[in-house]
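Heads up, the thing below is written out as C-alpha cells.
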Amino acid sequence: MTRDSRSVILVARILLAVMFFISGLHKIADPQGTQQYMSAMGMTWFTGVFYVGAIIIEIVGSVSLLLGYHARLGAWLLVLFMIPATLLFHTHFADPNQMIHFLKNLSVMGGLLYVATYGAGALSMDAGLERTTKVATPRPIVKKAVNQ
C-alpha cells in the first residue's frame, strides 16, 4: 500500500464518520425536536429509548471510524442503524429531497460496508495494535528432529 493510498483511506474514514458524529451531537443538543420528528415520522412508542440508542450508535460508531479502533465493528453498527433509519425516515419518494436522502444513505452504507469488509487501513489504531502484537509475540523456537 502506498503512502498516498494510506492517506486517502484515512480521509475516507473521517468523511464517513463526520456525518454520524455531527448528527449525534445535534440529537444531544435538541432532544425534544429530535423526538418530535421521530413521532411525526411514525415512531410513537419508545421514542426516548430509540433517541438514546441513536445517539449512542452514532457517537460510538463515528469515534470508532475516526480512530480506526474496532472500525469493522463500528462500521457494521452504523450500517445496521442506517437500514431502519433509512426505511423509516426517507421513503417518501414523492418528495425529491427524501429521494436524495435515501440515495445518500445507500451510498454511505456502501462506504461503511467497504470499511466493514477491508478494515480501517494502515493509518488506524487497529493497524497499529496489529503491528505491536506481531512485534510483542515471540516466535516459537522450532527444533529440528533428527532421523536415526
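The values are calculated or read from the model by the stated rules, or taken from the named source; none is laboratory data. As the structure is a prediction and not an experimental result, all values here were calculated from the model. Every residue, glycine as well, gets a Cβ built from its backbone with ideal geometry; the counts of neighbours run over all protein chains shown.
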For this session: Would you point out the residue of region 67-88, among those that are under 9 Å from the mean Cα position of the chain (by Cα) and of a type outside the set (Gly, Ala, Ser), that is nearest to Ser23 (Cα to Cα)?
Result: Leu78
For this session: Could you run through region 25-59 and say how many residues are at pLDDT below 95 and in contact with a Lys or Arg (Cβ under 6 Å, 6 or more places away or on another chain)?
Result: 0
For this session: Determine whether Ser7 is part of a helix (DSSP H, G or I), touching a residue at least 60 places away in the same chain (Cβ under 8 Å), surrounded by fewer than 17 Cβ atoms within 10 Å (Cβ to Cβ) and out of contact with any Gly (no Cβ under 8 Å at 6 or more places or on another chain).
Result: yes
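What tally of residues in region 26-55 results from selecting those that are of a type in the set (A, V, I, L, M, F, W, C) and either touching a residue at least 12 places away in the same chain (Cβ under 8 Å) or touching a Pro at 6+ places or on another chain (Cβ under 8 Å) (or both)?
So the answer is 7.
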For this session: Looking for whichever is closer than 19 Å to Ala17 by Cα, at pLDDT 95 or above and loosely packed, with under 12 Cβ neighbours inside 10 Å here; the options are Ser62, Ser124, Ser107. Which one fits?
Result: Ser107
